[in-house]
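One structure below.
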Amino acid sequence: MNALAGKVALVTGGTSGIGRATAIAFGREGAKVVVAGRNKERGQVVVKEIEKAGGESIFIPTDILKAAGVEALVKSAVEHYGRLDCAFNNAGILHPITLLADETEEQWDSMIDTNLKGVWLCMKYEIKQMLKQGKGAIVNDSSVAGLRASRVTASYGASKHGIIGLTKTAALQYGNSNIRVNAVCPALIRTPMLLHRDERTDLNDQWVADLPLSRMGEPNEVAEAVVFLCSDAASFITGATLTVDGGQFT
């Protein structure tokens with residue numbers, strides 16, 4: 001407990017799933033939490049959950065596709081809490097599984113813009129603030145689909161591979177400024193986005209059956225990995241990809 005005491009943490013896509021679980025975990029560990037997302041009602045619910053757990057939090061409605069929106073998010077967080085120590089860039093989307101030749105240009109653009117450009121924009125303004133402070137920790141939400149080829153939609157795999165590239169590049173560029181940048185790579189996690197997706201459930205069943213743990217992961221299990229990477233316990237870890245995959249890569 002209190003692994004992040006006195007720190008200010010930002011979570012994008014913080015209104016549900018892994019983002020929500022991580023925001024609550026940040027609050028439990030003593031951080032002041034800035035929850036960012038598009039749904040104000042759900043955002044306020046998460047804020048209340050953090051406060052109920054003994055934490056402090058605000059919600060800032062944000063469109064991560066717009067540079068001005070992301071810049072305003074970081075500025076508002078700093079105006080409210082005075083600094084920004086940790087960030088979990090989690091906001092993303094997931095389309096139904098589609099073969100590469102069948103994917104539309106619109107689907108490709110929306111996936112790359114949200115999952116990859118959105119992470120880049122968030123890092124851009126988070127790092128600017130952390131450079132002023134002389135320290136910071138960023139975790140980006142990639143996927144096991146960013147580590148190797150899979151049957152997922154091509155744009156999803158490309159976006160998640162891209163996040164790992166961004167993560168490693170930023171780690172190299174800003175390590176000497178005491179800014180650490182890492183990524184988590186979850187496998188099948190029981191989130192609303194996954195469970196509500198219209199797709200071939202037999203593939204999910206097959207993937208779960210192939211996991212040594214033989215089950216889906218839970219959002220809080222990814223959240224614990226993010227908390228660790230943002231904490232001082234991970235002070236010599238940067239440019240890493242931490243798999244939270246039930247043993248899929250064993």
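Below, the figures for the structure above:
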| item | result |
| --- | --- |
| Structure-based [θ]222 nm, the chain - -39500 (n - 2.57) summed over DSSP H runs of at least 4, per residue, nearest 500 | -14000 deg cm²/dmol |
| Environment charge of residue 39, counting only residues whose C-beta is closer than 13 Å and scoring Lys/Arg +1, Asp/Glu -1 | +2 |
| Magnitude of the charge dipole, the chain, Cβ model with Lys/Arg +1 and Asp/Glu -1, debye to 20 | 800 |
| Förster radius 41 Å - calculated FRET efficiency between residue 53 and residue 101 (Cβ-Cβ, nearest 0.05) | 0.30 |
| Pairwise FRET efficiency - residue 132 versus residue 237, Cβ, R0 = 25 Å, nearest 0.05 | 0.60 |
| Mean Cβ neighbour count within 10 Å, used as a protection proxy, ranking 238-246, 179-187 highest first | 179-187, 238-246 |
| Relative contact order (percent, whole number), the stretch 8-244, Cα cutoff 8 Å, 6+ residue spacing | 21 |
| Fully extended contour minus Cα-Cα distance, from residue 80 to residue 224, at 0.36 nm per residue | 49.3 nm |
| Above-threshold pairs, the threshold being 29 Å between Cα atoms, out of 52/160; 75/168; 40/124; 40/168; 52/75; 32/168 | 52/160; 40/168 |
| Dimensionless Rg over Rh [the chain; C-alpha; Kirkwood] | 0.95 |
| Paramagnetic reach from residue 177 (point 7 Å along Cα→Cβ, amide N under 19 Å) across the stretch 117-140 | 118-140 |
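Values quoted throughout were computed directly from the atomic coordinates according to the rules given, and no laboratory measurement underlies them. Predicted model only: the values in this text are computed from it and were never measured. Because the Cβ atoms are built from the backbone with ideal geometry, glycine has one as well, and the counts that use them run over all protein chains shown.
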